[in-house]
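Readers should treat all values here as calculations from the given coordinates under stated rules, not as data from a laboratory. What you see is a predicted model, and the numbers here were worked out from it, not measured in a lab. As a convention, Cβ positions derive from the backbone with ideal geometry for all residues, glycine included, and neighbour counts pool all protein chains shown.
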């Protein structure tokens with residue numbers, strides 16, 4: 001890789017008030033390695049006590065200043081590779097996620113070995129790695145966005161399995177330079193990540209960056225080999241779905257000149273909608289900091305529908 | 001097929017107060033064909049005016065009385081085949097679904113031809129049929145459940161693409177005889193069905209029925225060739241996810257004797273969670289009868305994880 005940011009560049013917010021760890025020119029194809037940290041999980045495993053932690057959850061490595069990126073543009077971050085190390089973690093954080101009622105206040109932690117055979121989640125269950133980036137975003141116009149929740153129009157802890165090698169993540173640019181940060185690599189994650197944690201892992205995400213001038217986005221967008229994926233943010237979930245689906249409709253009708261009825265009918269047939277990560281779209285209740293308010297949804301459009309006649 | 005119920009048996013509710021259209025013995029392997037109706041869509045297409053409709057949305061054919069089914073049991077409905085006819089419909093109902101803001105008050109309808117080449121959704125987009133049952137359920141202990149919304153513990157308009165040939169749908173039995181009804185066949189549907197309608201079609205669902213004594217369910221469950229699928233119902237979406245995920249956890253820990261940590265970690269890795277249909281889990285606001293309150297979610301467990309050592 002052409003540039004490497006080690007995990008000492010970890011920060012607990014997305015902000016343009018940080019000093020950039022790196023300045024780059026967009027569109028050169030140069031690759032940047034973002035090393036991420038699993039220290040919080042190692043400490044949870046060692047101490048079994050959130051009170052004893054000396055580090056926070058989900059540091060993001062960066063920020064990277066992208067020359068020429070201006071508000072109103074989009075940053076296009078192409079993920080080339082995610083290198084895992086030799087371990088991951090399964091952890092239950094008391095008060096978080098959909099299994100808190102059955103896992104309770106006990107501090108469950110497990111070191112999950114990763115080797116050439118795969119990810120050893122239990123003594124009987126080894127899965128092929130499916131590494132992805134949990135937390136990716138640009139800086140907001142003011143202040144600092146969380147690396148835990150909520151997810152925001154600038155990204156954040158979206159926990160989308162589609163943020164994996166081969167994908168390009170489009171993020172709105174709100175400040176000059178964009179200030180890209182990346183963290184929270186997962187070795188494998190169930191879609192929707194209902195338990196709030198995946199198989200969390202330290203690793204290196206290798207990406208390249210480009211700027212798309214004048215591509216205004218109200219939420220992140222992901223391009224995979226086969227699909228365009230529109231992220232919805234809103235509360236309640238129906239509002240989140242509406243926003244993501246409206247963006248898909250505008251992409252077809254305004255962006256590709258489709259007949260409105262054609263867009264409606266094709267989306268009804270093959271415009272799949274799913275849950276994104278469990279991190280919500282509004283600031284959590286301070287008394288329940290790991291319980292989401294609102295929903296992150298994703299809306300998947302097969303590129304094949306674009307192939308004919310537009 | 002061994003029994004056939006034509007669409008004249010369509011009813012606009014799931015209820016044990018209806019006279020059974022058929023009585024069967026469970027577990028014989030005998031097949032029952034449920035013909036469903038697309039008349040409401042044909043009328044919308046003809047009249048382009050909801051005021052002129054003479055029929056309602058989503059009639060369900062039945063009910064079928066299943067001998068020996070008692071409260072506390074589950075009905076297991078195996079879907080063998082879904083036969084489509086020569087047309088489907090794409091329709092936008094004003095005030096419904098995630099695209100009402102862009103489709104507006106215009107009455108969009110389109111006849112979608114179905115032939116050996118597939119489902120002709122637009123003049124340039126033909127998709128392979130992927131027929132499924134939108135609306136399937138048993139009768140509640142009292143009164144009548146809606147065939148539109150909300151989805152209930154006894155089923156209803158869940159709009160799950162997994163209710164397709166090869167699947168078995170498990171539904172709680174609340175009254176002696178269970179009173180099974182089926183309607184709302186879709187020729188193809190985007191997962192999550194965000195626009196509230198799919199490519200709606202008339203057809204015949206061919207199923208067989210068994211009773212599982214003492215299988216108590218708090219929500220429907222679907223078994224496919226590869227997965228167990230737990231349905232969550234709740235408001236907000238996080239409550240729906242919690243309930244579905246709790247059921248999956250109980251299935252592994254209580255039902256299969258798994259270690260709790262193993263269940264937690266495996267679910268975090270491969271227990272995918274998604275949106276179900278858009279019909280919600282609570283009675284809709286009377287002023288917005290097609291806007292969901294709460295969410296239907298599904299939680300998918302690969303059967304392969306059960307293969308070793310339990």
Open item on the list: Show me the ranking of peptides A:45-52, A:33-40 by mean Cβ neighbours inside 10 Å, starting with the highest.
Closed with: A:33-40, A:45-52
- [ ] May I ask for the distance between the Cα centers of the range A:196-239 and the range B:234-310, given as a whole number of Å?
- [x] 24 Å
Open item on the list: Report D for the range B:120-221 in µm² per second (integer): Stokes-Einstein, Kirkwood Rh on Cα pairs, 4 °C, 1.567 mPa s.
Closed with: 89 µm²/s
Task: Peptide B:182-192, shielding by other chains (average Cβ, 10 Å cutoff) - done: 4
Task: Dimensionless Rg ratio for the range A:46-96, taking C-alpha atoms and the 2.2 N^0.38 Å reference - done: 1.78
Open item on the list: Just want to confirm a number: the relative contact order over chain A, from Cα pairs under 8 angstrom separated by 6+ residues, in percent.
Closed with: 22 percent
- [ ] Could you check what % of the DSSP bridge pairs in the protein assembly as shown are antiparallel, to the nearest 5?
- [x] 90 percent
- [ ] Using only the Cα atoms, work out Rg/Rh for chain B, with Rh taken as the Kirkwood radius, to two decimals.
- [x] 0.96
- [ ] Using only alpha carbons, build the gyration tensor for the range B:80-179 and give me the equivalent ellipsoid semi-axes, biggest first, whole Å.
- [x] 30, 21, 10
TODO: Take each of the peptides B:5-15, B:135-145, average the number of other beta-carbon atoms within 10 Å over its residues, and list them starting from the highest.
DONE: B:135-145, B:5-15
Open item on the list: Just to be sure I understand: of the beta bridges DSSP finds with both ends in chain A, what percent are antiparallel, rounded to 5?
Closed with: 90 percent
Task: Average other protein chain Cβ within 10 Å of Cβ, residues A:242-249 - done: 4
Task: When the range B:222-306 is reduced to its Cα atoms, the Kirkwood hydrodynamic radius in Å - done: 13.5 Å
Open item on the list: Distance between the C-alpha centers of the range A:118-139 and the range B:1-78? Whole Å please.
Closed with: 44 Å
Open item on the list: Viscosity 0.890 mPa s, temperature 25 °C: give me the Stokes-Einstein translational D for the range A:184-277 in µm²/s, with Rh taken as the Kirkwood radius over C-alpha pairs.
Closed with: 157 µm²/s
TODO: Determine the shielding of peptide B:112-122 by partner chains: average, over its residues, the number of Cβ atoms on other chains within 10 angstrom of each Cβ.
DONE: 2
TODO: Taking a label point 7 Å out from Cα toward Cβ, give me the nm distances from residue A:102 to the same spot in the other copies, shortest first, one decimal.
DONE: 3.8
Task: For q = 0.23, 0.24, 0.25 Å⁻¹, Debye-computed log10 I/I(0) when each Cα of the range A:142-196 counts as one equal scatterer - done: -1.08, -1.15, -1.23
Open item on the list: More than 38 angstrom separation, counting every C-alpha pair in the protein assembly as shown; what % is that?
Closed with: 33 percent
Open item on the list: Need one number: convex hull volume per residue for the range B:1-89, Cα atoms only, in Å³.
Closed with: 122 Å³
Open item on the list: For the range A:222-306, what does the relative contact order come out to in percent, with C-alpha contacts under 8 Å and a separation of six or more?
Closed with: 41 percent
TODO: Sort shortest first the distances from residue B:50 to its counterpart in every other copy, using label points 7 Å along the Cα-to-beta-carbon line, and give them in nm.
DONE: 4.5
TODO: Just order B:70-81, A:195-206 by mean Cβ neighbour count inside 10 Å, highest at the front, would you?
DONE: A:195-206, B:70-81
